[in-house]
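Peer 1: Please read through the structure below; I'll follow up with questions.
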Amino acid sequence: MNADEDAWERGSGVRVVPPVQPRKLAKVPFVEMADGRLQGVVSSGSDIARVYVSSITAGTHGFNCSTNNNRPCGGLGGSSPCKHLRSLVDEAVLQYGRERVARYLQIEVGEDDHLMEGLEGTRESAPAAVVFSRFLRHLAYLELPVTTEPVAEMHWFPATRAVI
Amino acid sequence: MLGVQLAQLHDGDRPGVAEALDLVAGFDDALVHGFARLGEERAAALTALAGAVAASPLGPAVSEAADKVAAGSIGEEHLTALAGARTALLGAVHDALLDRLDTALGRTRAAWEESASTAAPADNLLSGSRSWLHELGITGWRGVDHDLVSSSGQTLEALLAEPRLRRLAVLLDGLAAELRASCPIATMARLPVRRWADLWTRAVLLSQPGARPAASVEPVTGRLLVLGADVHEHGTAVQVQVHGVLEPAGGAPTRLVRASVAAAKVDTIVGPAVWRLLAGHPVLLTALAERRSLDLADMPLSSSGDLAWQDDKATVGAPADPFATARLQLANANAPAVPPLERHPIRISEPVLLEDYETDGDRWTLDGHSIRVDLDRLPASGPLTPELVAASSACIGLVRWDAGGWRVQPLAVQATVKRKPVEAHTGDWAQGPTDPKVVKAEAKAGDAVAVLRERAGRLLRE
């Protein structure tokens, strides 16, 4: 072990999760890599009140897309993903970086290929309601009141510049 | 800071610090593999930890806990006692380090004054947190999987809804996000061993039921001269801690104080956008952005040096150059006490002024004595960049200690770029970025806060 790695393991304020990159949120307001899936919420192109819940399972690449009311997405085939899933992957790449997304989903493609070309799964059932409620929870953070009691624990979480 | 002060800071090891950190490392290693899989060596490490606090009031409880855990009986109370022992050791390390720093700076620090205790929060919220932490402790970091991380979800949601438990909620949320992003942890090449043990231990302490000692609080009136803003951030929280010198009305000695404002956020709100979450405190943000002083009237100040910031008890004053404040006021201002439960080396963040140093990569040298510059603590919400820091000749910063060494975190620098003097402060963009390139990039990306608030408004109140 070299000195830097040793210092990293003995460091209290070291960075573990790389900061995400800013991106436009209007089309895909929510993307996350959680519960073994790349999942998120994609706005409908035609109806402002409608959103699609899209997900791809890590490893197997099983995918699904439906409205938040559980109606299947019309663009989805048995083995071909829809445009919402493509948007989900595109925005995830912007947010987390291509390498992190590929590693999480376990996709192997050539350097110049789109990650979608490395998907090997087929359509499978997915917990759209769970993902949608995670999106609502995500939004609920913005409703929490600002506090002025010092949070001493935040010293463990320094703000850092994004590394590209 | 002068070269001679840097020399004093690094002058030999404090007795006991290395030994205490070795004992902490033994505990941290046990947490990597889980208290259910101790083995002889790690059990011996816990016994050694118990030995170190044997003469303290914690002694009997920790000794019993080390025995029981080694024998495979791992109760919540046992892990709590061990967490207490680790906290006590790091508290002592904190005290030794801060004393070294205060001595080097010639800084006078007030003694801790306690008043009433805070009211005890509802235990049903805390018990969920305790049992998740207990499960983590038994399993060990190496055994953590998606299911164990996700099982904290409901507890977290409940904690976030209770403003009095915000510290615990923010801490657990930050830890859970790191564990989630690191799954499967079993195959990680290396773990942030000290860090995760720190976060786990503090969370165990914050999850204990009952009332806690609180700092004494008094209203203060006077002028606050801002030194700089320290920004803390993880995926779902941002905190700005403004360091300044308070000149109390009536001529009492000046004091080092801080004002903290924290907001919940989501991971896609990054960079200068985080300031928009704090827009409810326009007086504080204006003072930062325009580098002005603040006039306080009856603002509550606790003995920990923390102003309980209320924007309506402050008014924006005259322009006040933070570098002038640092040059003229920093040496004589009195430092506050550190609350007992916050004593940990990570909390050390003492404002200093450094001038006329030589820069070489991430080290600055003054009269042959050098200190590392913490380039990892430059927030994306402000104009400080590693390049500016490298080109700087004067800096207001916070002295910190981590991973065995002292370092300085810049809050503001004066530099020469293309033969022109420039000055940058972490709080310069508190009312929006002033760099045209950043303004353009922000406009292109759109207003993340507005987009998400609009969605929240529609979906959460349907």
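The values are calculated or read from the model by the stated rules, or taken from the named source; none is laboratory data. Quantities reported herein were computed from a predicted structural model and do not represent experimental measurements. Cβ sites come from the backbone with ideal geometry, for glycine too, and all protein chains shown count toward neighbours. The accessibility values were calculated without ligands, DNA or RNA, using every heavy atom of the protein model including side chains. Shrake-Rupley method; radii C 1.70, N 1.55, O 1.52, S 1.80 Å.
Peer 1: Given B:244, B:235, which one is touching a Leu at 6+ places or on another chain (Cβ under 8 Å), touching a residue at least 24 places away in the same chain (Cβ under 8 Å) and either at the interface with another protein chain (Cβ under 10 Å from one of its Cβ atoms) or open to solvent by less than 30 Å² (accessible area, probe 1.4 Å) (or both)?
Peer 2: Exactly one residue qualifies, and that residue is B:244.
Peer 1: Please go through (1) at the interface with another protein chain (Cβ under 10 Å from one of its Cβ atoms); (2) open to solvent by 40 Å² or more (accessible area, probe 1.4 Å); (3) without any contact (Cβ under 8 Å) to a residue 24 or more places away in the chain for residue B:459 and return the number of the only condition it doesn't satisfy.
Peer 2: (2)
Peer 1: For region B:309-333, what are the residues that are open to solvent by less than 40 Å² (accessible area, probe 1.4 Å), small (Gly, Ala, Ser) and assigned to a loop (DSSP other than H, G, I, E, B)?
Peer 2: Correct list: B:320, B:333.
Peer 1: Further question on the same structure: Report, by residue number, each residue of region B:247-284 that is of a type in the set (Ser, Thr, Tyr) and under 19 Å from the mean Cα position of the chain (by Cα).
Peer 2: Hit for region B:247-284 is B:260, nothing else.
Peer 1: Are any residues in region B:31-43 over 17 Å from residue B:136 (Cβ atoms) and open to solvent by less than 60 Å² (accessible area, probe 1.4 Å), and if so, which ones?
Peer 2: B:39, B:43
Peer 1: Same structure again: Taking region B:151-180 as the search range and keeping residues that are without any contact (Cβ under 8 Å) to a residue 24 or more places away in the chain and surrounded by 18 or more Cβ atoms within 10 Å (Cβ to Cβ), which one is farthest from the chain's Cα centre (by Cα)?
Peer 2: Among those that are without any contact (Cβ under 8 Å) to a residue 24 or more places away in the chain and surrounded by 18 or more Cβ atoms within 10 Å (Cβ to Cβ), it is B:156.
Peer 1: May I pose another question? Can you report the number of residues in region A:13-54 which are within 30 Å of residue B:90 (Cα to Cα) and either of a type in the set (D, E, K, R) or open to solvent by less than 10 Å² (accessible area, probe 1.4 Å) (or both)?
Peer 2: 1
Peer 1: Report, by residue number, each residue of region A:132-164 that is over 29 Å from residue B:304 (Cβ atoms), of a type outside the set (D, E, K, R) and either in contact with a His (Cβ under 9 Å, 6 or more places away or on another chain) or part of a loop (DSSP other than H, G, I, E, B) (or both).
Peer 2: A:162, A:163, A:164
Peer 1: Scan region B:1-22 for residues that are open to solvent by less than 40 Å² (accessible area, probe 1.4 Å) and either touching a Gly at 6+ places or on another chain (Cβ under 6 Å) or in a helix (DSSP H, G or I) (or both) and report the count.
Peer 2: 8
Peer 1: Going residue by residue through region B:182-190, is there one that turns out to be small (Gly, Ala, Ser), open to solvent by less than 20 Å² (accessible area, probe 1.4 Å) and either within 10 Å of chain A (Cβ to nearest Cβ) or assigned to a helix (DSSP H, G or I) (or both)?
Peer 2: There is at least one residue in region B:182-190 that is small (Gly, Ala, Ser), open to solvent by less than 20 Å² (accessible area, probe 1.4 Å) and either within 10 Å of chain A (Cβ to nearest Cβ) or assigned to a helix (DSSP H, G or I) (or both).
Peer 1: I need a count of the residues in region A:44-86 that are at pLDDT below 90, closer than 23 Å to residue A:98 by Cβ and among the β-branched types (Val, Ile, Thr).
Peer 2: So the count comes out to 0.
Peer 1: So residue B:258 ticks every box in (1) farther than 15 Å from residue A:149 by Cβ; (2) open to solvent by 10 Å² or more (accessible area, probe 1.4 Å) but one. Which box is left unticked?
Peer 2: Looking at each condition in turn, residue B:258 falls short on (1).
Peer 1: May I pose another question? For the structure I just gave you, tell me whether residue A:130 is more than 21 Å from residue A:27 (Cα to Cα), within 14 Å of another protein chain (Cβ to nearest Cβ), β-branched (Val, Ile, Thr) and surrounded by fewer than 18 Cβ atoms within 10 Å (Cβ to Cβ).
Peer 2: Against the criterion (more than 21 Å from residue A:27 (Cα to Cα), within 14 Å of another protein chain (Cβ to nearest Cβ), β-branched (Val, Ile, Thr) and surrounded by fewer than 18 Cβ atoms within 10 Å (Cβ to Cβ)), residue A:130 does not qualify.
Peer 1: Could you please find all residues in region B:20-29 being closer than 21 Å to residue B:136 by Cα and free of Cβ contacts under 8 Å to residues at least 24 places away in the same chain?
Peer 2: The one that is closer than 21 Å to residue B:136 by Cα and free of Cβ contacts under 8 Å to residues at least 24 places away in the same chain: B:26.
Peer 1: Another question, then. Go over the candidates A:76, A:85, A:144, A:119 one by one and state the one that is within 12 Å of chain B (Cβ to nearest Cβ) and either buried (at least 18 other Cβ atoms within 10 Å of the Cβ) or under 21 Å from residue B:169 (Cβ atoms) (or both).
Peer 2: Result of the check over A:76, A:85, A:144, A:119: A:144.
Peer 1: Further question: Quick one: which of B:202, B:142, B:107 is among the basic types (Lys, Arg), touching a Ser or Thr at 6+ places or on another chain (Cβ under 9 Å) and at pLDDT 90 or above?
Peer 2: B:202
Peer 1: Exactly one condition in (1) farther than 25 Å from residue A:156 by Cα; (2) in contact with a helix residue (DSSP H, G or I) (Cβ under 7 Å, 6 or more places away or on another chain); (3) of a type outside the set (Lys, Arg) is not met by residue B:342; state its number.
Peer 2: That leaves (1) as the condition not met.
Peer 1: Can you tell me which residues in region B:199-215 are within 8 Å of another protein chain (Cβ to nearest Cβ) and touching a Gly at 6+ places or on another chain (Cβ under 9 Å)?
Peer 2: Within region B:199-215, B:199 is the sole residue that qualifies.
Peer 1: Still on this structure, please answer the following. Among the residues of region B:270-284, is any assigned to a loop (DSSP other than H, G, I, E, B), at pLDDT below 95 and farther than 15 Å from residue B:229 by Cβ?
Peer 2: yes
Peer 1: Continuing with this model, one more query. Can you go through B:98, B:46, B:58 and tell me which one is surrounded by 15 or more Cβ atoms within 10 Å (Cβ to Cβ) and in contact (Cβ under 8 Å) with a residue 40 or more places away in the chain?
Peer 2: B:98
Peer 1: Taking the options B:306, B:321, B:295, name whichever one is over 30 Å from residue A:96 (Cβ atoms) and either hydrophobic (A, V, I, L, M, F, W, C) or within 14 Å of chain A (Cβ to nearest Cβ) (or both).
Peer 2: B:306
Peer 1: Could you tell me which of the residues B:345, B:336 is open to solvent by less than 20 Å² (accessible area, probe 1.4 Å) and within 14 Å of chain A (Cβ to nearest Cβ)?
Peer 2: B:345
Peer 1: Still on this model: Out of all the residues in region B:280-291, is one or more open to solvent by 10 Å² or more (accessible area, probe 1.4 Å), within 11 Å of chain A (Cβ to nearest Cβ), among the small types (Gly, Ala, Ser) and closer than 30 Å to residue A:139 by Cα?
Peer 2: yes
Peer 1: Being in contact (Cβ under 8 Å) with a residue 24 or more places away in the chain, more than 14 Å from chain A (Cβ to nearest Cβ), part of a strand (DSSP E or B) and not β-branched (Val, Ile, Thr) is the filter here, so list the residues in region B:352-402 that pass it.
Peer 2: Hits for region B:352-402 are B:353, B:354, B:355, B:364, B:366, B:369, B:370, B:392, B:393, B:394, B:395.
Peer 1: On to the next question. As an exercise: evaluate residue A:65 against (1) open to solvent by 20 Å² or more (accessible area, probe 1.4 Å); (2) more than 10 Å from chain B (Cβ to nearest Cβ) and give the number of the one condition it does not meet.
Peer 2: Residue A:65 satisfies every listed condition except (1).
Peer 1: I'm told residue B:223 meets every condition in (1) over 22 Å from residue A:32 (Cα atoms); (2) touching a strand residue (DSSP E or B) at 6+ places or on another chain (Cβ under 9 Å); (3) open to solvent by less than 40 Å² (accessible area, probe 1.4 Å) except one. Can you identify the failing condition by its number?
Peer 2: (3)
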